[in-house]
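Worksheet: one structure, shown below.
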Amino acid sequence: MRVIRNLIEFAVLFLLWGVAQGLIASPWLGSGWLTAIIVALAWGKTAFFGAENLQELWRASQQHVAYHRFMVLMLVNMSQIITSFALDYHCLHTVNAESFSSIPPALTQPELVFEYVYFSVLNFTFFGYGDITPQTVPAKLLTMTEILLAFVTVIFLLSDFISLRESLSEEDDGPGGSRRS
C-alpha cells in the first residue's frame, strides 16, 4: 500500500508540473501571477512533505519499525522533495529565464529539467557548488525553502528517530523494565 501511495505522490508531482507548464504556455496569466502560483504551490507541497515526514517519524517510532526500513521511507520522501523542487525551479525558469544564473540558453527541455534536478540534489544534500545560483527573489525563496526543508528532514527527523523510539519504549516500560499491559 505504501508503494502505491508513493507512486501516486510522484504522479501528482508530475501532474502539477504539467498543469503549471500549461498555465505558463497560456496567455491567461502574466509572469507575476504565474510566479506567485509557482511559489505558493511549492510552499503547499513543502507543508505536505514536512507533515508527511513528521507523521512517518511518529508512526515508525510507535510501531518500532527497523531503522533501515525507516531510512528507505525517508529516501523515497527525499526523492519526492528533490523532484518537486526541481520541477518548481524549471517552472520558474520557464516563466523567467533570468531566475537562475549559468543555465545555458540552448538546452533542450529534458536537459533543462536535468539541470534543475542536479541543482535540487545539491541544495538538498547541502553541497551547493555555486555553479547555478538563484537570481530573483522567487528563485531565492524557493531555494531557501528547499534548504530549510532538507535541514529539518535530515537533521531533525533522521537523527531524532532513534531518540524518539527509545523514549516511546521507556514510556511503555513498567517498573523493573517490564512492559506495561
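Show that you can apply the helix-only estimate: for the chain, add -39,500 (n - 2.57) for every DSSP H stretch of four or more residues, divide by all residues, and state [θ] at 222 nm to the nearest 500.
After summing the helix terms and dividing by the residues of the chain, the value is -25000 deg cm²/dmol.
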Mean separation of Cα contacts under 8 Å (at least 6 apart) over the residue count of the chain, i.e. the relative contact order in percent, is 26
The alpha-carbon center of region 11-25 and that of region 70-112 are separated, in whole Å, by 13
Exposed chymotrypsin sites (Phe, Trp or Tyr not before Pro) being those in a DSSP loop with at most 12 other Cβ atoms within 10 Å, the longest stretch of the chain free of them is 29-125
Around ALA20 (Cβ within 12 Å, Cβ-to-Cβ, excluding ALA20; K/R +1, D/E -1) the net charge comes to 0
Quick calc: nm separation of the 7 Å Cα→Cβ label points for THR125 and PHE151 -> 2.1
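Around VAL121, under 13 Å between beta carbons, what's the net of Lys plus Arg minus Asp minus Glu among the other residues?
Result for the local shell: -3.
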Quick calc: nm separation of the 7 Å Cα→Cβ label points for ARG59 and LEU7 -> 1.7
Which of VAL121, VAL19, VAL154 fluctuates most in a GNM of the chain (C-alpha springs under 10 Å)? That residue is VAL19
Expressed to two decimals, the chain has a Cα Rg over Rh, using the Kirkwood radius, of 1.09
Expected max-MSF residue from LEU122, LEU29, LEU92 in the GNM of the chain (alpha carbon, under 10 Å) is LEU29
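Just so you know, all these numbers are worked out from the coordinates, no wet-lab data involved. Keep in mind that this is a model prediction, so the values were computed, not measured. Positions of Cβ are generated from backbone atoms using ideal geometry, with glycine treated the same way; all protein chains shown enter the neighbour counts.
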